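One structure below.
Computed from the coordinates by the stated procedures, all read-outs in this text should not be read as laboratory data. In this text, all values refer to a predicted model and were calculated from it rather than measured experimentally. Note that each Cβ is placed from the backbone with ideal geometry, even for glycine, and that neighbours are counted across all protein chains shown.
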Amino acid sequence: MATETESDFALRSMAFSHNGHIPVKYSCEGEDINPPLEFGAVPEGTKSIALIMEDPDAPRGVFDHWVTWNISPNEAIAEKTNPGISGRNSFGKTGYGGPCPPSGVHRYFFRAYALDKQLGLMAGAGKKDLLDAMKGHVIAIAELMGLYSKKNKE
């Protein structure tokens, strides 16, 4: 069983910096496609990566925008791709759902989990199922946070 350790594991995007603004292209006002992401200093022993993108500032509590797992630890995630196995987001769909806050600036956390195994979770599972399946298998966690507010007020 793996345990979380301090590491240099990192999650970056060429589209925006940590604490930076997520471009419109990746939101509900744009193309609503996932931004490019890359992993740095992937820990030794990592067999797969799980990724969760969530908005803790949503009016009704944490809103899940992207839930995916069994991503190759050796490849970057290209823009407009669907890596690994997709879970169900809070939109009730699988795959990526971009930022679309009703008002104000929201924070969007992308968290990558380096895992010591591939997960046997079925496509369409939710975030809770993923978190349960990852228990005892997380080697390290990397985080990238981007900000977004709607440009076109409705």
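What does segment 10-148 give for Rg and for Dmax, in Å, if only its C-alpha atoms count?
Just the Cα atoms of segment 10-148 yield Rg and Dmax of 13.9, 42 Å.
Under 10 Å from the Cβ of L37, count the other residues' Cβ atoms, weight Lys and Arg +1, Asp and Glu -1, and hand me the total. Walk me through the numbers before you get to the answer.
Details: positive: R12; negative: E38, E79.
Summing Lys/Arg as +1 and Asp/Glu as -1 gives -1.
How do T94, T81 rank when sorted from fewest to most other Cβ atoms within 10 Å of their own Cβ?
T81, T94
Subtracting the Cα-Cα distance from 0.36 nm times the residue separation, let me have the gained length for E31 to L131 in nm, one decimal.
Details: separation 100, 0.36 × 100 = 36.00 nm, distance 2.88 nm.
Length difference between fully extended and current span is 33.1 nm.
Per residue of the chain, what 222 nm ellipticity follows from adding -39500 (n - 2.57) for every DSSP H run with n ≥ 4, rounded to the nearest 500?
For the chain, the value works out to -1500 deg cm²/dmol.
Counting only other residues whose beta carbon sits under 10 Å from that of Y108, what net charge do I get with K and R as +1, D and E as -1?
Spelling it out: positives minus negatives among the neighbours equals -2.
Can you tell me which lysines have their Cα less than 22 Å from the Cα of K80? Leave out same-chain residues fewer than eight positions away.
Reachable lysines: K25, K93, K127, K150, K151.
Sorted from fewest to most neighbouring beta carbons within 10 Å, what does the list M134, M53 look like?
With the fewest neighbours first, M134, M53 line up as M134, M53.
On full extension of the chain, what length is gained from H18 through I141, given 0.36 nm per residue of separation minus the C-alpha to C-alpha distance?
So the extension gain works out to 42.8 nm.
Could you give P(r) for segment 1-82, binned at 5 Å from zero, as whole percent values over all Cα-Cα pairs?
Histogram of Cα-Cα distances, whole percents per bin: 3, 11, 21, 25, 19, 13, 6, 2, 0.
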